[in-house]
Each structure stands twice: as structure tokens, then as C-alpha cells.
Amino acid sequence: AKSDATSKIEIEVRPDWAPLAAKRFRELVEIGFYNDSRFFRVLPGYIAQFGIAADPKLNKEWMLCEKNCKALPDEPRKEKNKRGTLSFASSGENSRQTQVFINLGNNDGLPNFLDGQNFVPFARVVRGMDDTVKNLNSEYGIVETVSAGLAGGVNQGKAAYYGAEYLDAAFPKLSILRDAKVIR
């Protein structure tokens, strides 16, 4: 995190939890989709979200296409959204594509109810949760206001369209995922 080349997060992908999500994540890692991507939404105690490629060409192929482009069908949830698990973000039924979040807290019940919203864990952090993940930059996280709803934060449409160019110009202190790779 914080662009420190020595910071590492090791993730164990669990196809037995969610085979389609596990396969998609591996595919995205293998094509380099997550390399140099930003943790664009970090809300302490809740989630750290990434999954918009630094390269706009990849986003056009995977995210900015016709409705439900390369979207994964929903899967039954076998594990809870507990601290350290990863789930794909979605915008509704059968809409998972590339964006992933790490649960920074136990989000299966009150107050966040991610299990009830059908977010399906497919992996877990096995190394780096208490140092690297805990230190991801959260200054650009979305905040809720009483009068205006959600405010602040990264415009995901612009991030997908312009990639790292937009993120570096508007949010220069975002934590960066430098290199994602399959290690076994």
C-alpha cells in the first residue's frame, strides 16, 4: 500500500466457495488487468475496493461495453463476508465484472448486511491484512451525508474511461496495486 514496493497482500482464491468468481479473478490476474490499479474506495472498518484497470483499453473490453458485458451470473453464497474475505462488487443481479472488495470488517450482519445483498466471497487474505491492507489510503473514500446522500470519492465512470491518467491527476495519493500474479 501507499506505493511501498515491499508491501504485499497474499490472497487464497477458493473455487469451492464460488467457482465462477474464482475463475474470473484468476483470468483477470493472468491478463494483468489489476496491475497498477488503484484501491479507489477504502472505507475503514468496511471495505477496500479495487478493480478498475489503469489501462483504459482493458476497461473498454471488460467494463465499458454493452449492458452486462462479460458479467458473471450470480452464485450461491457459501461463506460469509467476514473480515479478510474478497467478493466481487455488483450493481444488481448477474452484474459482477472486474471490481472486487476486501472486507475490512465482519460485514455479514449489522450494520452492513452484505450477505443479505448477495455479495459472494470467493477468496480470503492470508497475508498482509494487519499491515498492508490496514494502511491503504482512505482519504478519498465516499462519505454519507444526511442531506446529500453519498458525497466525494472517485467517479468510477471517469476512472474506467481514462484509467490511471484520471486517477493520478485527481486522486494522487490512492494506494496502488502494483503487480498481481498467481503464485501457485
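The values are calculated or read from the model by the stated rules, or taken from the named source; none is laboratory data. Not measured: the values here are computed from a predicted model. We place every Cβ from the backbone using ideal geometry, glycine too, and count neighbours over all the protein chains shown. For accessibility, only protein heavy atoms count, side chains too; no ligands or nucleic acids. Shrake-Rupley method; radii C 1.70, N 1.55, O 1.52, S 1.80 Å.
Values for this structure:
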quantity	calculated
Pairs, first on the phi > 0 side of the Ramachandran plot in region 82-102, second among the charged types (D, E, K, R) and in a loop (DSSP other than H, G, I, E, B), C-beta under 8 Å, six or more apart	N94/D74
Residue list for region 28-42, filter: over 16 Å from K173 (Cβ atoms) and hydrophobic (A, V, I, L, M, F, W, C)	L28, V29, I31, F33
Subset of region 85-98 (residues that are crowded, with 20+ Cβ neighbours inside 10 Å and not aromatic (F, W, Y))	T85, L86, S87, R96, Q97, T98
Some residue of region 30-53 being of a type in the set (S, T, N, Q) and under 17 Å from T85 (Cβ atoms)	yes
Selection count where residues are of a type outside the set (A, V, I, L, M), outside any loop (DSSP other than H, G, I, E, B) and open to solvent by less than 60 Å² (accessible area, probe 1.4 Å), scope region 13-62	11
